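Q: Have a look at the structure that comes next, please.
The values are calculated or read from the model by the stated rules, or taken from the named source; none is laboratory data. Everything numeric in this text was worked out from a predicted model, so none of it was measured. Counting neighbours? That spans all protein chains shown, and the Cβs are built from the backbone with ideal geometry, glycine included. Ligands, DNA and RNA are stripped out before the accessible areas are found, and what is left, the full protein with its side chains, is counted by its heavy atoms. Shrake-Rupley method; radii C 1.70, N 1.55, O 1.52, S 1.80 Å.
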Amino acid sequence: MKFSANSVWENKDHYDVVVIGAGHAGCEAALACARLGLDTVVFTVSVDSIALMPCNPNIGGSSKGHLVREVDALGGEMGKVIDRTFIQSKMLNKSKGPAVHSLRAQADKANYSRTMRRVLEEQERLDIKQQEVVRIIAEEGKVTGVQTYSGAVYPCKAVILCTGTYLKARCIYGEVSTNTGPNGLQAANYLTNSLKELGVHMYRFKTGTPARIDRNSVDFSKMEEQFGDEKVVPFSFSTNPDDVQIEQVSCWLTYTNEKTHDIIRKNLDRSPLFSGMIEGTGPRYCPSIEDKVVKFSEKNRHQVFIEPEGIETNEMYIGGMSSSLPEDVQYAMYRTVPGLEHAKIVRNAYAIEYDCIDARQLKPTLEFKEIEGLFSGGQFNGSSGYEEAAAQGLIAGINAARKLKGKEAVILDRSQAYIGVLIDDLVTKESHEPYRMMTSRAEYRLLLRQDNADERLTKIGYDVGLISEDRYQKFLEKMRTIDSEIVRVSSVHVGASDSVQKLLKDCGSAALTSGISLRELICRPELSYKILSVIDKSRPAFPKELEEEIEEQVNIRIKYEGYIKRQLRQVEQFKKLEDKKIPEDIDYDEVKSLRIEAVQKLKELRPISIGQASRISGVSPADISVLLVYLGGKQ
């Protein structure tokens, strides 16, 4: 379907940057551009959808918590807003090493959206408009403006696409199919055609969400209560820990059973997922309950989390049971789950199909290779998740602003941040399903911990202009304190006194036969910097709001020093390949001995470095050697 307007007219409001979409990516992109001094407008199909959480009511989780911390360290907003609107918080994987510790918070969804919207409304140089953008205007391969459904043309210098799951969206359950976006909001039906006319290659992806049920219809006595952490850790490095110690709500755990699975199996022919009614490719790592029952047929039960959607609502989210089965089947299967025997559905589960792009069309800056000034971020890039979206939106916003100011782009590599891993995977590797961040994707995850995201990225955020001078100076003071404290505990020695021996015995640690430094004691698995504080007579006093962070950093740096040094050596080798840049105008047909497949892939993706080229599917180590020889000869 081709869009046509009765009249096209130029709006008098001129902007530097137009952001299309106000989900988690669009919010971060728009705030970044405005805060960096650019006149910015964000278009949304509904102002009620700003920072909407159409699926799970939480922020963070395994690896995703790392992304939120990194967004915060760079000067983004997601961490600050969830700290103000969470209702339960939990640090995941605490029984494992610090590399996989991940913070996860249940959000009050409505409050999160309202709070983020207020941040946007109060931001200088940022306007919000409820309009559907239907066309990207480009001249000679360069963006010059956008056109809305009403026919208004907004001239601009850069456009950031953050359309999420709204482009030609279709919501489906059973035989019911409606051309709407998530939560029944209006879909964006025209922009796809404009993008295709510009030569953008599109995919059709799918995701889904479970039903929401009435809290009053749930029997919690048949479920296991899930509590938040006794001591809450904030997401934002700028949040005072005392401000997040609140009374938390509970979540609940129950399980499916064979009766549940039997109902699903008997109705697979009515599932759009298996009948062929759904065309899009769904996420491998967040499957529907139908997928789980079919693919993991040996399992006789699956976890189901019952999570509140907020303080001012009785809606409960049925985590782990997303579905596109018909409404009657949804009632039948949910009511086989212990505690849900009399469940009343408020909102049916559904699958949603939408248009997105092959992100290999983007540079690592998230700008389109063939369309200057057009950037892209979030689920539109073929990823999934609020956190992945926010991270991309922030980087797209930063780079759009820096491009317009004539400054060098910010590109985080795989050794610097999970954000670097995320973007590198998206723009380098072919993906036919929504991409989800996982700790296993990061080769240097011991260095990319969520606890040290500020150490890795605050300087970059400060240099960009998103971290204030005051916050940066506080960060520097924290780093100086940690460094000096490590030096101090290395020089403090304790003897085999009765008090020391008793502490060691109580902790199951070997007794001392001679003096030893505190640093050596901290290296013991059963001991820690905090535990040893009772025998550390010279320990200085720290600012209350930083005490736990300092204790954590001193402990991790000392305990994992050997492993960290090993990864740093690996990073040195990685950097050598990343630093070998490939000229933009290289003619791969001239590079003799490159295999035909490698030539095709390299010409298509145009990697910026030997490191990126080495991660392209179809480019072998032998091809990389040939490239290195060729570039060496050119130099």
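Q: Would region 114-129 turn up any residue that is within 18 Å of the chain's Cα centre (by Cα), of a type outside the set (Val, Ile, Thr) and surrounded by 21 or more Cβ atoms within 10 Å (Cβ to Cβ)?
A: Yes, that holds for at least one residue.
Q: Residue check, residue 207 against (1) closer than 24 Å to residue 68 by Cα; (2) open to solvent by 40 Å² or more (accessible area, probe 1.4 Å), all met but one. Which one?
A: (2)
Q: Sticking with this structure for a sec: Output the residue which, of all residues in region 397-423 that are touching a Ser or Thr at 6+ places or on another chain (Cβ under 7 Å) and open to solvent by 20 Å² or more (accessible area, probe 1.4 Å), is farthest from residue 287 (Cα to Cα).
A: 409
Q: Residue under question is residue 432, and the condition is that it be touching a strand residue (DSSP E or B) at 6+ places or on another chain (Cβ under 8 Å), surrounded by fewer than 22 Cβ atoms within 10 Å (Cβ to Cβ) and in contact (Cβ under 8 Å) with a residue 40 or more places away in the chain; does it hold?
A: Yes: the conditions hold for residue 432.
Q: For residues that are within 21 Å of residue 61 (Cβ to Cβ) and outside any strand (DSSP E or B), scanning just region 312-322, find the one that is farthest from the chain's Cα centre (by Cα).
A: Ranking the qualifying residues of region 312-322, first place goes to 321.
Q: Can you spot a residue in region 325-339 that is open to solvent by less than 10 Å² (accessible area, probe 1.4 Å), touching a helix residue (DSSP H, G or I) at 6+ places or on another chain (Cβ under 8 Å), small (Gly, Ala, Ser) and assigned to a loop (DSSP other than H, G, I, E, B)?
A: yes
Q: Being farther than 21 Å from residue 20 by Cβ, open to solvent by 10 Å² or more (accessible area, probe 1.4 Å) and without any contact (Cβ under 8 Å) to a residue 12 or more places away in the chain narrows it down to one residue among 64, 94, 90, 80; which is it?
A: Every option except 94 fails the conditions.
Q: Any idea which of 504, 512, 518 is surrounded by 12 or more Cβ atoms within 10 Å (Cβ to Cβ), of a type in the set (A, V, I, L, M) and within 23 Å of residue 481 (Cα to Cα)?
A: Going through 504, 512, 518 in turn, the sole match is 518.
Q: Return the pairs, sorted by first residue and then second, in which the second residue is open to solvent by 40 Å² or more (accessible area, probe 1.4 Å) and not in a helix (DSSP H, G or I), the first residue lies in region 183-204 and is on the phi > 0 side of the Ramachandran plot, the beta carbons are less than 9 Å apart, and the residues are 6+ apart or on different chains.
A: 183/347; 184/178; 184/347; 199/370
Q: Which count do you get for residues in region 182-236 that are basic (Lys, Arg) and closer than 21 Å to residue 52 by Cα?
A: 2
Q: Do we find that residue 229 is among the acidic types (Asp, Glu), more than 26 Å from residue 345 (Cα to Cα) and in contact (Cβ under 8 Å) with a residue 60 or more places away in the chain in this structure?
A: yes
Q: Still on this structure, please answer the following. List the helices (runs of 4 or more DSSP H) that sit entirely inside region 508-597 and contain at least 1 residues that are under 29 Å from the mean Cα position of the chain (by Cα).
A: Here the list reads 547-559, 561-578.
Q: Which of the residues that make up region 383-396 are surrounded by 24 or more Cβ atoms within 10 Å (Cβ to Cβ) and within 13 Å of the chain's Cα centre (by Cα)?
A: 383, 385, 386, 387, 388, 389, 390, 391, 392, 393, 394, 395
Q: From the list 490, 431, 440, exactly one residue is at pLDDT below 95 and either hydrophobic (A, V, I, L, M, F, W, C) or not in a loop (DSSP other than H, G, I, E, B) (or both). Which is it?
A: The unique qualifying residue is 440.
Q: What residue, of 194, 177, is small (Gly, Ala, Ser), within 30 Å of residue 326 (Cβ to Cβ) and outside any loop (DSSP other than H, G, I, E, B)?
A: Being small (Gly, Ala, Ser), within 30 Å of residue 326 (Cβ to Cβ) and outside any loop (DSSP other than H, G, I, E, B) holds for just one of 194, 177, which is 177.
Q: Is one or more of the residues making up region 184-201 among the charged types (D, E, K, R) and crowded, with 19+ Cβ neighbours inside 10 Å?
A: no
Q: May I pose another question? Across region 531-553, what is the number of residues that are of a type outside the set (Lys, Arg) and surrounded by 14 or more Cβ atoms within 10 Å (Cβ to Cβ)?
A: Number of matching residues: 13.
Q: If I ask for residues that are small (Gly, Ala, Ser) and either over 18 Å from residue 410 (Cα atoms) or assigned to a loop (DSSP other than H, G, I, E, B) (or both), which ones from region 30-69 would you list?
A: Selection gives 37, 46, 49, 51, 60, 61, 62, 63, 65.
Each row is one residue, and each column tells you yes or no for (1) touching a residue at least 24 places away in the same chain (Cβ under 8 Å); (2) among the aromatic types (Phe, Trp, Tyr); (3) in contact with a Gly (Cβ under 6 Å, 6 or more places away or on another chain).
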position	(1), (2), (3)
308	yes, no, no
322	yes, no, yes
349	yes, no, no
353	yes, no, yes
357	yes, no, no
368	yes, yes, no
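Q: Being surrounded by 22 or more Cβ atoms within 10 Å (Cβ to Cβ) and either of a type in the set (Ser, Thr, Tyr) or in contact with a strand residue (DSSP E or B) (Cβ under 8 Å, 6 or more places away or on another chain) (or both) narrows it down to one residue among 145, 181, 141; which is it?
A: 181
Q: For region 70-92, name all the residues that are part of a loop (DSSP other than H, G, I, E, B) and more than 27 Å from residue 184 (Cα to Cα).
A: Correct list: 75, 76.
Q: Condition first: exposed (fewer than 15 other Cβ atoms within 10 Å of the Cβ) and in a loop (DSSP other than H, G, I, E, B). Can you find one or more residues in region 464-475 that meet it?
A: There is at least one residue in region 464-475 that is exposed (fewer than 15 other Cβ atoms within 10 Å of the Cβ) and in a loop (DSSP other than H, G, I, E, B).
Q: Please work out if residue 558 is of a type outside the set (Ser, Thr, Tyr) and buried (at least 19 other Cβ atoms within 10 Å of the Cβ).
A: It is true that residue 558 is of a type outside the set (Ser, Thr, Tyr) and buried (at least 19 other Cβ atoms within 10 Å of the Cβ).
Q: Name, by its number, the condition in (1) modelled with pLDDT of 95 or more; (2) within 30 Å of residue 564 (Cβ to Cβ); (3) among the hydroxyl-bearing types (Ser, Thr, Tyr); (4) assigned to a loop (DSSP other than H, G, I, E, B) that does not hold for residue 95.
A: (1)
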